[in-house]
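The values are calculated or read from the model by the stated rules, or taken from the named source; none is laboratory data. Just so we're clear, the structure is a prediction, and the values are computed from it rather than from any experiment. The area values use the complete protein model at the heavy-atom level, side chains included, leaving out ligands, DNA and RNA. Shrake-Rupley method; radii C 1.70, N 1.55, O 1.52, S 1.80 Å.
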Amino acid sequence: MDWFEKLPGYQRTPAGLEWALWKRLPAAFGWGTALPLVAGLLFWLTLPADRDWAADGHAMLLIYQLIGLVVFIWSLLVTVAVGCVIVMVMKGPAYVADAYQHPEHDATWKS
């Protein structure tokens, strides 16, 4: 039995928005990671060297917000990637399923 026997006569659905999004995911990942990290690095470099980080609540809050922004962007991109994969699989070729014999149609089954 061929597990990947394609259904005869199927029509493949044309590619849509999922491929455009899929191709842009690496760039979005790079920019979405780099920009907040560069902003945090520039903020850190502009601070005086003798500044007490533990006492400066605003500086720590900004750093935590930038880390949260990076994590948010990553989770958003993972969600979009999963959605793209689901649409790609659903638009793929149709395969022949195994036949399921219902018990009512079985010749040996008697009521």
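Under the condition of being aliphatic (A, V, I, L, M) and modelled with pLDDT under 85, which residue from segment 83-104 is farthest from PRO14 (Cα to Cα)? So that I can check it myself, show each step before the final result.
Kept after step one, since they are aliphatic (A, V, I, L, M), are these residues of segment 83-104: 85-90, 94, 96-97, 99.
Those still in the list that are modelled with pLDDT under 85 too: 94, 96-97, 99.
Values: ALA94: 14, VAL96: 21, ALA97: 23, ALA99: 29 Å.
In this case the residue turns out to be ALA99.
In segment 45-57, is there at least one residue being of a type in the set (Val, Ile, Thr) and either open to solvent by less than 90 Å² (accessible area, probe 1.4 Å) or modelled with pLDDT of 90 or more (or both)?
First, the residues of segment 45-57 that are of a type in the set (Val, Ile, Thr): 46.
Keeping just the survivors that are either open to solvent by less than 90 Å² (accessible area, probe 1.4 Å) or modelled with pLDDT of 90 or more (or both) gives none.
Within segment 45-57, none of the residues are of a type in the set (Val, Ile, Thr) and either open to solvent by less than 90 Å² (accessible area, probe 1.4 Å) or modelled with pLDDT of 90 or more (or both).
Of the residues TRP31, TRP19, which single one is open to solvent by 100 Å² or more (accessible area, probe 1.4 Å), closer than 18 Å to ILE67 by Cα and at pLDDT 80 or above?
Answer to the selection: TRP31.
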